[in-house]
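What follows is a single structure, written as structure tokens, with notes after it.
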Amino acid sequence: MNDRPQGIPTRLSITQINAIPSNQAVCAFFFLRSVVVLSILIFALPALAFDFAAPFADPLQTLPKITETGVLLPGDGKPVACPVSKDFSTPLALAEAVDLALCNNPQIKAAWASIKVQAGSVGEARAAYLPTLSGTVNFMRTHSAYPGSKVAATTTEGETIYGTLSWRLFDFGGREANRKSANNLLVAAITHHDAALQKTLADVIQAYFDAHTAKATLQAKEQSETIARSTLETAQRREARGAVARSDTLQATTALAKASLEKNRAIGAYQKALSMLVYTLGVSTQTHIILSDDLSEKEEMESKKLEQWLKIAAETHPAILSARAQLESSRQKITSTRSEGLPTVDFSASYYQNGYPGQGLSTTESQVSTIGISISFPFFDGFSRTYKIRGAEAQSEQRKAELQDTEHDTLMEVVKAYADTEASLQNLQASENLLNAAQESLNTSQRKYDKGAADILEILNTQSALSDAKQERIRSLAEWSSARLRLLANAGLLGREAVVRVR
């Protein structure tokens, strides 16, 4: 603090600063000092904050461990390492497709970010138990002039310092309810991320085997076209020798045209299936995917009854767990809203140097300290809290209905996947028997036709039967592989290790 009268002429020297400077010198001095102080605040404090930020990155320990270790799928020993590199000049395996989809799916990325967002909310809820401390430093200069009066003008320079400590000591469960609500929402965010993983697994499995089925169907149609062309050539040779009538050649020509038409349709279906697979993987739409040539044969699977699968899904599926956590959070929110209308007890301590907030600089140096405990009674708020409570109760009812809807949808998917698995398992052996019989029948018909012991209709019928048998075999293999993996995913049990075992 420094009070100096103005208007006294002095002589400035080179080696010392005038003790009683002029108005211009005072302004310049005060401006330069302010610039220096602000420079320190702007440049020094961020540097200090950077040095001390690391130990306090998560002081209240709100981030779950999965944000550091990564998410483990059921049965896996380590998380998927993203990003995943894939050489698309080689055939795409199912495990590679799963890794690409898990790393590129935007819903999974959004769910992962929501975990961190909700961890911040948990930190806010925990911070409500701790005291808050704030401080303010003002550099001020007050100039007072009295025109027409003999009273000399005065200039006052100095700093005002304010500090306040506040700490809520007691409330009626509001902070605890908010903390539990935030914790439940964090659990909901984690399980929602797990549900997004399982959904992505189910989607990529469906798209992968749809593409395999489409490719295998195309190969079957190409073989049918090749057989039909061979039959036409045989019919033309026999017609040239006079062994058969012209009608046989015409029927063979019609069969070849039909086989070519079906092949062209199969090409379109295969390209569409590949496009859906590319979209599911989240890679560039210009990516050219090569699939392997065959599907895996029957692989044993642990036998469980439908009731067991439903029980597992109800207890472990992340979508159901997420809905339950949201319901519990909404119930805690009701308690938090009700507590807002109850008394609170707060402790406060303040320190004021050279003045109070919102006032000018004191002409005399002063230091004021206050300490106290305050009790707040919210007597009346225009019934707004009543409607907040009703809204919170209605939101809890909504979350309960959403839980029931999620359980219904999830268990229904389990029922459908279980039915598909049982049906596809029974179809495997039947499709294999059908393919063997159709192949043997075609071989017999071709030998008989070459010797003139069979007509063109018989060989065309056996060709069509073989084409259908191949398609059924391919469909049965794809349905079995897809259905059993989708059953695991819909029950919330599918991990990458289970996928790796499938080619």
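Which ranges mark the helices (runs of 4 or more DSSP H) fully within segment 1-117 that have 1 or more residues being at pLDDT 80 or above and in contact with a Leu (Cβ under 7 Å, 6 or more places away or on another chain)? Steps first, please.
Details: elements: 23-39, 45-53, 66-69, 94-104.
Fully inside segment 1-117 and qualifying: 94-104.
Could you list all residues from segment 365-397 that are over 23 Å from Tyr351 (Cβ atoms) and hydroxyl-bearing (Ser, Thr, Tyr)?
Ser384, Thr386, Tyr387, Ser396
Could you tell me whether any residue of segment 370-378 is part of a loop (DSSP other than H, G, I, E, B), within 50 Å of the chain's Cα centre (by Cα) and over 22 Å from Thr154 (Cα atoms)?
The first filter runs over segment 370-378 and keeps only residues part of a loop (DSSP other than H, G, I, E, B), leaving 377-378.
Next cut, within 50 Å of the chain's Cα centre (by Cα) only: 377-378.
In the following step, the residues that additionally are over 22 Å from Thr154 (Cα atoms) were identified as 377-378.
Yes; the residues of segment 370-378 include at least one that is part of a loop (DSSP other than H, G, I, E, B), within 50 Å of the chain's Cα centre (by Cα) and over 22 Å from Thr154 (Cα atoms).
Give the residues of segment 404-449 that are modelled with pLDDT under 85 and either of a type in the set (Gly, Ala, Ser) or not in a helix (DSSP H, G or I) (or both), sorted by residue number.
Of everything in segment 404-449, just one residue is modelled with pLDDT under 85 and either of a type in the set (Gly, Ala, Ser) or not in a helix (DSSP H, G or I) (or both), namely Ser445.
I want to confirm something. Restricting to segment 278-309 and keeping residues that are at pLDDT below 90 and in a helix (DSSP H, G or I), which single residue is surrounded by the most Cβ atoms within 10 Å (Cβ to Cβ)?
Selected residue: Trp309.
Does Ala214 satisfy the criteria of being touching a Phe, Trp or Tyr at 6+ places or on another chain (Cβ under 6 Å) and either loosely packed, with under 15 Cβ neighbours inside 10 Å or in a helix (DSSP H, G or I) (or both)?
yes
Quick one: Ala498 ticks every box in (1) in a helix (DSSP H, G or I); (2) modelled with pLDDT of 75 or more; (3) not polar (S, T, N, Q) except a single one, so which number is it?
Of the numbered conditions (1) in a helix (DSSP H, G or I); (2) modelled with pLDDT of 75 or more; (3) not polar (S, T, N, Q), the odd one out for Ala498 is (2).
Of the numbered conditions (1) buried (at least 19 other Cβ atoms within 10 Å of the Cβ); (2) under 30 Å from Gln439 (Cβ atoms), Gln219 satisfies every one except a single condition; which is it?
Here Gln219 meets the rest and fails (1).
Please verify whether Arg399 is of a type in the set (Lys, Arg), within 30 Å of Ser322 (Cβ to Cβ) and either modelled with pLDDT under 85 or in contact with a Ser or Thr (Cβ under 7 Å, 6 or more places away or on another chain) (or both), treating the condition exactly as stated.
Values: of a type in the set (Lys, Arg): yes; within 30 Å of Ser322 (Cβ to Cβ): yes; either modelled with pLDDT under 85 or in contact with a Ser or Thr (Cβ under 7 Å, 6 or more places away or on another chain) (or both): yes.
It is true that Arg399 is of a type in the set (Lys, Arg), within 30 Å of Ser322 (Cβ to Cβ) and either modelled with pLDDT under 85 or in contact with a Ser or Thr (Cβ under 7 Å, 6 or more places away or on another chain) (or both).
Of (1) part of a helix (DSSP H, G or I); (2) within 17 Å of Thr249 (Cα to Cα); (3) free of Cβ contacts under 8 Å to residues at least 24 places away in the same chain; (4) not acidic (Asp, Glu), Ala454 satisfies all except one. Which?
Unmet for Ala454, out of (1) part of a helix (DSSP H, G or I); (2) within 17 Å of Thr249 (Cα to Cα); (3) free of Cβ contacts under 8 Å to residues at least 24 places away in the same chain; (4) not acidic (Asp, Glu): (1).
The values are calculated or read from the model by the stated rules, or taken from the named source; none is laboratory data. These figures come from a predicted structure and were not determined experimentally. So basically every Cβ, Gly included, is an ideal-geometry build from the backbone, and we count neighbours across all protein chains shown.
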